[in-house]
1. What is the residue count in the range 63-85 for residues that are surrounded by 14 or more Cβ atoms within 10 Å (Cβ to Cβ) and either without any contact (Cβ under 8 Å) to a residue 60 or more places away in the chain or touching a Gly at 6+ places or on another chain (Cβ under 9 Å) (or both)?
2. Can you list residue pairs whose Cβ atoms sit under 8 Å apart, with the first residue in the range 4-27 being basic (Lys, Arg) and the second being outside any helix (DSSP H, G or I)? Count only pairs 6 or more apart in sequence or on different chains.
3. Working carefully through the options ARG377, ARG403, ARG310, find the one that is out of contact with any Ser or Thr (no Cβ under 8 Å at 6 or more places or on another chain), among the basic types (Lys, Arg) and more than 18 Å from ILE476 (Cβ to Cβ).
4. From PRO178, PRO236, which residue is modelled with pLDDT of 85 or more, surrounded by fewer than 15 Cβ atoms within 10 Å (Cβ to Cβ) and in the same structural domain as ARG96 (by TED's automatic domain parsing)?
5. If you go through the range 93-103, how many residues are surrounded by fewer than 17 Cβ atoms within 10 Å (Cβ to Cβ) and within 54 Å of the chain's Cα centre (by Cα)?
6. Among the listed residues PHE260, PHE350, which satisfies the condition of being touching a residue at least 24 places away in the same chain (Cβ under 8 Å) and not in a helix (DSSP H, G or I)?
7. Just to be sure before I move on: is ILE284 out of contact with any helix residue (DSSP H, G or I) (no Cβ under 9 Å at 6 or more places or on another chain) and over 28 Å from VAL5 (Cα atoms) in the structure I sent?
8. Conditions first: (1) at pLDDT below 85; (2) in a helix (DSSP H, G or I); (3) within 30 Å of ARG244 (Cα to Cα); (4) hydrophobic (A, V, I, L, M, F, W, C). MET1 passes all but one, so which condition is the exception?
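The values are calculated or read from the model by the stated rules, or taken from the named source; none is laboratory data. None of these values were measured; they are calculated from a predicted model. We place every Cβ from the backbone using ideal geometry, glycine too, and count neighbours over all the protein chains shown.
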Amino acid sequence: MPLYVRIMLFLFLNLAVAVLLLSWVLKTYYGIGKEDIIANTVEARMSGMTQLLIPALNGAEKSEWESILEQTGRSNGVELAIYRPDGSKRHAGSERALPQEITVFLEQKFPRPDRRSGREPRGGDGPPPNRPFDPLMDDGPEGRPGPPPRRPEGNRPRRHPVKEGMAEVEMIGKYGSPKQDIAVVHFWIKARENEPNDLMLIVWKLDGASPLFFSWKPLFYCFLGLLVITAILWVPFVTRLTRRLGILTQGAESISEGNFEIDVASDRSDELGRLSRSIQRMAIRLDDYVAGQKRFLGDIAHELCSPLVRIRMGMGVLEHQLEKEELSKLANINEEVEELSQLVNELLDFSKASMKQDTLELESVDLRQLCELVVSREGVGADVSIDVPEELVLKSRHDLLRRAIGNLVRNAVRYAGKEGDIQVRAATLGDSVSITVEDKGPGLPESWLEKVFEPFSRPDEARAREAGGSGLGMAIAKTCITSLGGEIHCENRKSGGLRVVIRLPHE
């Protein structure tokens, strides 16, 4: 997972943990949950609206209640209706039918006694049947208010459930079918003669938003805004951080590949800036060190050429002066001189391939002809097959490419020529050309698939010194291919043997 994504995920995880921890503390130590917050908010709003409605109803005739409720409901995005506390009669407002859940609740909590028999009120849990007659609550004969009946001694008059000017929320939730947001508020007003004063306000939420009922939309928009603000604050910071880390990573990878021409320096004053400048200085010093080392090898190899020539000339003269029985001793010395001469030549090739070229002049190279030339020189005594398309032409350097493929074929013949055939293949892959040299030899240990390109590297398990070679062939091949802007790597074949793959750009 990219570092950029991980940082953002940890940020949001941190926010989520903080919210969960706060919720747990509120719930555990203060007994406040999500439902409590929602209910308290809605109750406060409903009570506030009702307390503003009470003075308007007090100062108006009952016939004016309709307009008052309509105006108040329109300004709050709701529909209002005033009922008796038991829900049996509507006094004013919306003509919507009350849901059964609300009707049952009101009948049980505010039951009406049977006016004719004085039996238990509906719902079974109301006040006793000897409750006094309330002219403002109960109807007399033919529905008209009448005088209160005589009540038994000791029976106290009914108390109003709420004080004048106050409101108490009885129900809040979704009721009916389909479900609707409904609130039921109990309140009491000081009414005129023959007008009700103990009332129940029914509040229906309309389809649009209402400031009275709880809605998740504000929280959603708040959360969305929080995400936007977080993104505005964090995304630039994280982007700059990960971009700089990406540049440093590319620079480090380039250094590991032996390319020290990088530009990662930064004028930042923080730790990343210091790290960038340190890597830049390290690359420059490594470049100078490696270049000096290669020049030293080249100079040593060049200086060794003259003594070798003189030794060969002397051995040639000595060969004509010795007797036949002494020539065998001279032959052993000649083999050592030939090996030393081959090592010097490889050092010179490695030095030439490693030297930087400011302007590398490319030329058209017929890849099949080049491979045939290399095989005719390096594949003597081995079964080497060529599978390269006709007229496959590259913009490259003939000498560098010949030297690279020649070293690969030479190594394959040296270490796997007796194990079977060697194959040289080439194919076009998009905007690149792939060149492979395969053998059926012992292959390489997995830990040596990268080390084998280092100068003088020779794994003992597969490359014994007695088999020949100085350990510079693969290093020369890599240096040549890198100079051409390509890549080279090794891999073991599943069926046995080693496969070396070269990737070169192709127009």
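1. Filtering the range 63-85 down to residues surrounded by 14 or more Cβ atoms within 10 Å (Cβ to Cβ) leaves 65-66, 68-70, 72-73, 76-85.
Narrowing further to those that are either without any contact (Cβ under 8 Å) to a residue 60 or more places away in the chain or touching a Gly at 6+ places or on another chain (Cβ under 9 Å) (or both): 65-66, 68-70, 72-73, 77, 79-83.
Count: 13.
2. Every condition considered, the pairs that remain are LYS27/GLY33.
3. The conditions single out ARG310.
4. When all the criteria are applied, what remains is PRO178.
5. First pass over the range 93-103, keeping only residues surrounded by fewer than 17 Cβ atoms within 10 Å (Cβ to Cβ): 95-97, 100-101, 103.
Adding the requirement that they be within 54 Å of the chain's Cα centre (by Cα) leaves 96-97, 100-101, 103.
So the count comes out to 5.
6. Just a single option satisfies the conditions, and that option is PHE260.
7. Values: out of contact with any helix residue (DSSP H, G or I) (no Cβ under 9 Å at 6 or more places or on another chain): yes; over 28 Å from VAL5 (Cα atoms): yes.
It is true that ILE284 is out of contact with any helix residue (DSSP H, G or I) (no Cβ under 9 Å at 6 or more places or on another chain) and over 28 Å from VAL5 (Cα atoms).
8. The single condition MET1 does not satisfy is (2).
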